[in-house]
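Chemist: Below is the structure I would like to discuss, written out as structure tokens.
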Amino acid sequence: MRRQLSVITTFALVTLFVLQTERSASQEKVVFDSSILDVFQARNIGPANMGGRIVDLAVVDKNPDTYYVAAATGGVWKTTDGGATFKPLTDHLTCSIGAIAVSQSNPDVVWIGGGEANPRNSVTWGDGAYKSTDGGKSWTHMGLKETQHIGRVVIHPTNPDIVYIAALGHLWGANPERGLFKTTDGGKTWSHVLKLDADTGCIDVAIDPAEPEILYAAAYAVRRDGFSGGDPAKQYGPKAGLYKTTDGGKRWEKMNKGLPDNQYGRCGVAIYRKDPKVVYAVVQSEKTGVGTKGNLPNKALDPASGGVFRSDDRGASWTQVNTLVPRPFYYGNIRIDPADDQRIYVLGTSFFVSSDGGKQFQVGGGPPPKKGVKGGGGIHPDHHALWINPADPKHLILGNDGGLYISRNRAVSWTANRGMPLAQFYAVAVDMRKPYRVYGGLQDNGSWGGPSATRSEEGITLADWKSILGADGFHCQCDPTDVNIVYAESQYGKPSRIDVSAGKKGKGIQPKSGDKGDTYRFNWSSPMLLSPHDPKTIFYGGNYLFRSADRGDKWEKISGDLTAGKAGTTYKSTGHTLTTIAESPKKAGLIYVGSDDGRVHVTKDGGKTWTDVSDKVPGVAKNRWITRVECSHHDEATAYLTIGRHRNDDHKPYVFKTTDHGATWTSIVNNLPKDAPVNVIRESSKNAKLLFVGTEQAIHVSLDGGKLWHHFKAGLPVVPIHDLVIHPRERDLVIGTHGRSVYVVDIGPLEELTPKVLAQPAYLFSVRTAQAFTPTKVENKSKAYVAPNPPAGATIYYYLRAAAKEVSVTVSRDGEGKSSPVKSSPGLNVFRWNASMPGDYRLDLGVDGQTYTQKLRVEAAE
């Protein structure tokens with residue numbers, strides 16, 4: 001039975017008085033108040049099929065059903081029921097987390113170390129330390145803002161006021177606020193107890209549970225360059241290594257007996273709980289293998305090359321027990337079974353386990369890994385966090401790039417927890433189905449597609465999201481004329497064309513070099529674009545711009561090398577590549593490209609000739625990353641440009657606009673936050689003055705072409721915004737976050753919210769076509785995350801400049817309808833007509849005797 005036409009539901013989603021007036025002798029000027037934006041609420045649509053990177057865990061040992069999960073860019077989450085449900089705790093604070101710790105002597109005390117310390121190419125930073133004294137209900141910032149990346153937090157076993165923080169420091173530049181910090185008064189003051197130099201910080205620290213004045217610290221000198229290569233440019237330093245103190249940090253000794261006699265890279269350390277004289281370490285030296293393999297396990301021992309080391313005398317001397325050092329910069333964690341010093345776990349691309357004190361390691365503790373899965377026992381690869389229950393060592397909790405896993409049988413088998421939407425999207429795209437689907441590429445989790453809504457009463461489930469391509473995922477593009485054709489890619493330039501209706505592997509369509517000696521270079525996240533003028537035409541960026549007129553079957557180069565690199569050269573850092581492509585919707589062949597080495601080029605003739613406009617961008621150093629170019633939907637000569645320099649240790653935003661095809665550029669940064677680099681900019685195709693930018697923390701919107709920016713909160717957490725797409729039909733802003741999956745929010749009213757509208761006493765906004773359907777019932781016994789569907793029926797926005805005496809809404813058809821009173825508060829109001837039959841309706845808003853009218857169409861759902 002279809003929903004009946006009769007009920008009007010009104011919601012109190014109303015802002016406070018949102019307009020102020022400035023009077024002069026000649027006119028009254030309306031001043032926009034950003035509180036009007038508070039009515040917009042984004043909706044998370046998932047996915048949670050993959051958990052995103054988990055970097056740390058903090059478990060209450062005496063009550064292991066209560067624990068905290070630290071996500072790399074998804075904030076901190078808490079469960080009190082063993083993982084059946086999770087609650088985010090830091091949505092308003094910070095997104096990037098490096099470490100978390102709970103006081104075992106007072107579990108209400110919890111500490112966060114901000115900024116992931118795994119120095120990969122997509123890492124983001126934090127702003128110091130936070131403390132909670134009520135189990136995560138509230139937080140206080142405790143300083144150390146410039147540490148940016150924190151590898152470990154440890155709390156004294158009996159005195160929760162004593163805390164140590166291992167701070168890695170800036171990843172793209174030197175800074176003094178790095179090393180090991182200590183507080184003895186709960187964070188009121190800090191002592192810099194291990195201060196090495198401006199290039200060497202600390203990545204790990206462990207405290208002796210029996211003699212807490214004894215600590216071991218791992219010092220690390222790491223530096224990333226301006227590109228997005230796999231390994232950091234620098235991984236070693238003369239002051240890096242393993243240090244020990246016996247007096248709570250007053251004096252330190254660099255341990256060396258039995259350890260490598262050369263420079264050190266990343267190290268990790270663990271103390272045997274039952275007998276703290278036993279200490280293990282995983283050690284990277286300058287002779288350790290780099291790349292994704294590092295040092296393989298169980299090879300001929302050679303202490304100089306690093307590996308797994310054991311000490312039986314609290315670090316006075318060490319013995320190499322294995323060569324294993326998994327991908328050194330990305331892991332560096334070792335754990336000991338609290339009841340068996342022969343049971344050792346080393347976290348890496350694979351989950352390594354030893355039962356003989358490290359002499360031999362095997363992958364996982366369970367059955368052989370599935371084909372193509374390196375984690376062992378079917379778990380996702382790339383492991384970063386492990387907790388072992390001290391009362392029951394069979395009980396393990398594991399965090400990796402695929403999320404959270406629990407074992408109750410000592411790693412023989414694992415159960416994935418899918419209760420948190422933590423997917424790290426690099427880019428998103430939308431198709432033209434009803435409801436439309438969102439596709440996108442994820443960090444270490446391939447490319448996926450899922451619906452913006454379903455016809456189920458339950459919502460959007462894990463089953464509604466489908467994997468379309470493996471490896472790491474990045475840009476996707478959807479054919480607007482054929483909903484089954486989707487383009488996706490994996491790292492370093494491997495695009496595929498996929499027929500999503502067939503459920504088969506896509507066809508690889510990578511451009512291949514036919515010229516001897518001409519090696520193509522591709523970015524970690526290579527830009528891809530379907531022409532807005534011809535969906536069969538696709539552009540792809542390497543160091544050249546490639547174009548295909550037949551959906552990728554054949555390619556042609558339509559440029560020379562558009563970077564600052566040298567054609568035919570392969571660079572160790574994998575830099576000097578294109579990062580963004582835009583073609584004007586107003587003119588075919590008017591194309592802009594930007595690169596990771598700061599170049600901006602434009603062609604007006606489809607690539608026959610190119611103009612380098614890099615030097616026309618004012619006030620920005622040349623070592624920069626062009627994050628996005630956006631062509632105007634309204635004016636052929638207008639385009640927008642965003643630049644990121646966080647890879648140069650500069651967090652300022654850079655946003656520019658040209659109105660002459662790039663010959664000149666004007667900054668429109670204006671009042672944007674000064675410490676949030678911009679990743680993306682979008683212009684509304686309905687309103688030339690409406691702009692959105694996504695930064696490493698939030699979304700900001702301008703209603704006047706960039707003169708003034710407003711924080712577009714929309715109920716979003718603090719999270720990196722890596723991509724924004726405005727759906728061409730539904731007028732949803734689709735938000736690709738790097739840490740909290742995908743959100744959507746209706747921005748239709750914003751596209752009509754002009755100064756003229758704001759000056760009127762009232763206004764009824766256009767109404768999106770509604771869908772009539774009977775929801776299906778699906779029984780879901782899973783604990784997995786389910787994303788909410790949008791409210792049923794039609795969502796209707798109206799604006800009141802001032803409070804009104806009488807406000808009503810009438811929905812009528814064929815002259816018959818029903819009038820109902822609605823909210824009369826000033827500002828932007830929203831109500832929902834939550835029952836409907838297919839057909840065309842008239843919608844009337846009555847305000848103190850005045851009537852405002854719109855059409856309302858209801859379609860039968862497909």
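The values are calculated or read from the model by the stated rules, or taken from the named source; none is laboratory data. As the structure is a prediction and not an experimental result, all values here were calculated from the model. Here the Cβ positions follow ideal geometry from the backbone for every residue, glycine too, while neighbour counts run over all protein chains shown. Surface accessibility is based on the protein's heavy atoms, side chains included, excluding ligands, DNA and RNA. Shrake-Rupley method; radii C 1.70, N 1.55, O 1.52, S 1.80 Å.
Chemist: Give the residue list of chymotrypsin sites (Phe, Trp or Tyr not before Pro) in segment 521-604 that are DSSP loop and have at most 10 other beta-carbon atoms within 10 angstrom.
Modeler: Working: sites: Phe522, Trp524, Phe539, Tyr540, Tyr544, Phe546, Trp555, Tyr571, Tyr592; in loops: Phe522, Trp524, Tyr544, Trp555, Tyr571.
Those that pass, being in a loop and sparsely packed, number zero.
Chemist: Taking a 1.4 Å probe, which of Val363, Val617 shows the most accessible area, and what order do the others take after it?
Modeler: On the way: Val363 60, Val617 10 Å².
Of Val363, Val617, the descending order of accessible area is Val363, Val617.
Chemist: Can you tell me the FRET efficiency between Glu636 and Asn834 if r is taken as the Cβ-Cβ distance and R0 is 45 Å, rounded to the nearest 0.05?
Modeler: It comes out at approximately 0.55.
Chemist: Using a Förster radius of 41 Å, what is the FRET efficiency between Thr851 and Ala463 based on their Cβ-Cβ separation? Nearest 0.05, please. Can you show the working numbers first?
Modeler: Numbers: r = 46 Å, r/R0 = 1.13.
Once rounded, the FRET efficiency stands at 0.30.
Chemist: Excluding residues fewer than 8 places away in the same chain, name every one of the lysines whose C-alpha is closer than 19 Å to that of Lys818.
Modeler: Qualifying lysines at Cα under 19 Å: Lys855.
Chemist: Would you tell me the accessible area of Arg310, worked out with a 1.4 angstrom probe on the heavy atoms of the protein chains, in Å² to the nearest 10?
Modeler: Estimated to the nearest 10 Å², Arg310 gives 40 Å².
Chemist: Determine which residues of segment 506-540 fall in the zone a paramagnetic label at Ala471 would reach in this model, i.e. backbone nitrogen under 14 Å from the point 7 Å along Cα→Cβ.
Modeler: 506-512, 521-527
Chemist: Taking 0.36 nm per residue of sequence separation and subtracting the Cα-Cα distance, how much length would be gained by fully extending the chain between Ala233 and Asp482, in nm to one decimal?
Modeler: Working: separation 249, 0.36 × 249 = 89.64 nm, distance 4.35 nm.
Length gained between Ala233 and Asp482: 85.3 nm.
Chemist: Follow-up. List, in order, the whole-Hz ³J(HN,Hα) value for each residue of segment 605-610 obtained from phi through the Karplus relation with A = 6.51, B = -1.76, C = 1.60 and θ = phi - 60°; use x for Gly and Pro.
Modeler: 10, x, x, 5, 9, 10
Chemist: If you average 1/r over all unlike Cα pairs in the chain and invert the result, what Kirkwood radius do you get in angstrom?
Modeler: Numbers: mean 1/r = 0.0350 Å⁻¹.
With all distinct Cα pairs of the chain included, I get 28.6 Å.
Chemist: Modelled label-to-label distance, Lys250 and Thr769, 7 Å Cα→beta-carbon offset: nm?
Modeler: 7.8 nm
Chemist: Pull up the cross-link candidates among the aspartates and glutamates for Lys250, meaning alpha carbon to alpha carbon under 13 Å and not fewer than 8 places away within one chain.
Modeler: Glu213
Chemist: Using a 7 Å offset from the Cα along the Cα-to-Cβ direction at both Asp134 and Asn389, what is the distance between the two label points in nm, to one decimal?
Modeler: 3.1 nm
Chemist: Additional query: Report the paramagnetic label zone for Gln41: residues of segment 389-425 whose backbone N is under 20 Å from a point 7 Å from Cα along the Cα-to-Cβ axis.
Modeler: 421, by backbone N distance to the label point.
Chemist: Calculate what fraction, in whole %, of the accessible area of segment 249-390 sits on carbon and sulfur atoms when a 1.4 Å probe is rolled over the protein chains.
Modeler: On the way: 2700 of 5570 Å².
After summing per-atom areas, the C and S share lands at 49 percent.
Chemist: List every residue whose amide H lies under 5 Å from the amide H of Gly75, counting only residues 5 or more places away in sequence or on a different chain, with H placed 1.01 Å from N in the peptide plane.
Modeler: Ile97
Chemist: Need one number: the % of Cα-Cα pairs in segment 147-193 sitting beyond the 15 Å mark. Don't jump to the answer; show the numbers that get you there.
Modeler: On the way: 467 of 1081 pairs.
Across segment 147-193, Cα pairs with separations above 15 Å total 43 percent.
Chemist: On the accessible surface of segment 109-196, probed at 1.4 Å, how many percent belong to carbon and sulfur atoms?
Modeler: Numbers: 1240 of 2570 Å².
The value for segment 109-196 is 48 percent carbon and sulfur by accessible area.
Chemist: Then there is this: Kindly flag which residue pairs out of Lys557/Lys686; Lys87/Lys434; Lys557/Lys604 have an alpha-carbon separation exceeding 25 Å in this structure. Each step should come with its number before you reach the end.
Modeler: Numbers: Lys557/Lys686 34 Å; Lys87/Lys434 32 Å; Lys557/Lys604 16 Å.
From the list (Lys557/Lys686; Lys87/Lys434; Lys557/Lys604), the Cα-Cα distance tops 25 Å for Lys557/Lys686; Lys87/Lys434.
Chemist: When ligands, DNA and RNA are left out and all protein chains stay put, how many square angstrom of accessible area per residue does the chain have with a 1.4 Å probe? Walk me through the numbers on the way to the answer.
Modeler: Values: 32010 Å² over 862 residues.
That works out to 37 Å² for each residue.
Chemist: Same structure again: Which distance in nm do the two modelled labels at His711 and Gln760 give, with both placed 7 Å along the Cα-to-Cβ direction?
Modeler: Rounded to a tenth, the inter-label distance reads 3.1 nm.
Chemist: Rounded to the nearest 0.05, what FRET efficiency do Asp518 and Lys622 give with R0 = 22 Å and r taken as the Cβ-Cβ distance? Could you check? The partial results should precede the final answer.
Modeler: Numbers: r = 25 Å, r/R0 = 1.16.
Computed FRET efficiency for Asp518 and Lys622: 0.30.
Chemist: For a bin width of 5 Å, list the pair-distance distribution of segment 36-96 built from all Cα-Cα distances, rounded to whole %.
Modeler: Bins of 5 Å from zero give 4, 16, 20, 26, 17, 9, 5, 3, 1, 0 percent of pairs.
Chemist: Provide the gained length on full extension for the span Ala549 to Thr659, in nm with one decimal, where the gain is 0.36 nm per separating residue minus the Cα-Cα distance. Kindly include the intermediate steps, with their values, before the conclusion.
Modeler: Numbers: separation 110, 0.36 × 110 = 39.60 nm, distance 2.92 nm.
So the extension gain works out to 36.7 nm.
Chemist: Which of the trypsin sites (Lys or Arg not before Pro) found in segment 594-693 are loop residues per DSSP with 10 or fewer other Cβ atoms within 10 Å of their Cβ? Walk me through the intermediate numbers first.
Modeler: Values: sites: Arg599, Lys604, Lys608, Lys616, Lys622, Arg624, Arg628, Arg645, Arg647, Lys657, Lys674, Arg682, Lys686, Lys689; in loops: Arg599, Lys604, Lys608, Lys622, Arg624, Arg645, Lys674, Lys686, Lys689.
Here the trypsin sites (Lys or Arg not before Pro) that fit, given the DSSP loop and packing criteria, are Lys608, Lys674.
Chemist: Rounded to the nearest 500 deg cm²/dmol, what is the calculated helix-only ellipticity per residue at 222 nm for the chain, with -39500 (n - 2.57) per DSSP H run of length n ≥ 4?
Modeler: Details: 2 runs with 10 residues, N = 862.
Computed ellipticity for the chain at 222 nm equals 0 deg cm²/dmol.
Chemist: Which order do Glu211, Glu683 take by accessible area at a 1.4 Å probe, largest first? All intermediate terms of the calculation are to be shown ahead of the outcome.
Modeler: Numbers: Glu211 90, Glu683 5 Å².
The residues order as Glu211, Glu683, largest area first.
Chemist: For segment 463-606, with all protein chains present and a 1.4 Å probe, just round the carbon and sulfur fraction of the accessible area to a whole percent.
Modeler: On the way: 2770 of 5650 Å².
Taking all protein chains in place, segment 463-606 shows 49 percent carbon and sulfur surface.
Chemist: For Asp302 and Lys777, calculate 0.36 nm times their separation in residues minus their Cα-Cα distance, and state this gained length in nm to one decimal. Show your work: numbers first, answer last.
Modeler: Working: separation 475, 0.36 × 475 = 171.00 nm, distance 6.22 nm.
Full extension from Asp302 to Lys777 adds 164.8 nm.
Chemist: Take the alpha carbon atoms of segment 548-625, find their center, do the same for segment 253-308, and report the distance between the two centers in whole angstrom.
Modeler: A separation of 44 Å, based on Cα centres.
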